[in-house]
Each structure stands twice: as structure tokens, then as C-alpha cells.
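Since the structure comes first, as C-alpha cells, the remarks are kept for the end.
The values are calculated or read from the model by the stated rules, or taken from the named source; none is laboratory data. Model, not experiment: these values are computed from the prediction. No Cβ is skipped: glycine too gets one built from the backbone with ideal geometry, and neighbour counts run over all protein chains shown. We work out accessible area using only protein heavy atoms, side chains counted, and drop any ligands, DNA or RNA first. Shrake-Rupley method; radii C 1.70, N 1.55, O 1.52, S 1.80 Å.
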Amino acid sequence: MPKELIMALRPNGGKDYWRVQNVPTIYSTYWRDRGWDVYPIETFGEIESDTDHSSALRTLQLPTLWK
């Protein structure tokens, strides 16, 4: 997911937040090092650098996160 899209959907001032404000949680998922890194969209701007993956949920199978 492009960084510009993620930042636009963030609750703290994203210009398109109104489109997703009723969605309980939004995740951004990346394939990295033979596994999936799943980030809640609220933590995306808090990541210090591209190498800091401490806030990611790490899994080997793509998780189904919708209900």
C-alpha cells in the first residue's frame, strides 16, 4: 500500500479519514523476508524507519483480518 494512501487514511488528520472512520481497524500488510508483516494503520506514521518492524504482527500465512 503506498505511503501516501496510508497517511491519508490515518485518524490524526488524514484528509480521507472520513471515508474509513466507521471501520474498526485498518491494516497494512507487507511481504518481507518470506513472511507477512501486518501493521495497524494507526502505527504507520510512528515507525522510525523502514527497518523498524517492531510494531508488526509477523506471520507466515496471510492472515484474514476481516469479520
Scan of the stretch 42-66 for residues that are open to solvent by less than 50 Å² (accessible area, probe 1.4 Å), modelled with pLDDT of 65 or more, outside any loop (DSSP other than H, G, I, E, B) and out of contact with any helix residue (DSSP H, G or I) (no Cβ under 6 Å at 6 or more places or on another chain), ordered by number: THR43, THR59
Consider the stretch 22-33. How many of its residues are of a type outside the set (Ser, Thr, Tyr) and open to solvent by less than 100 Å² (accessible area, probe 1.4 Å)? 3
Can you confirm whether ASP37 is touching a His at 6+ places or on another chain (Cβ under 6 Å), modelled with pLDDT of 80 or more and open to solvent by less than 80 Å² (accessible area, probe 1.4 Å)? yes
For residues that are touching a residue at least 12 places away in the same chain (Cβ under 8 Å) and in a loop (DSSP other than H, G, I, E, B), scanning just the stretch 1-11, find the one that is surrounded by the most Cβ atoms within 10 Å (Cβ to Cβ). ARG10
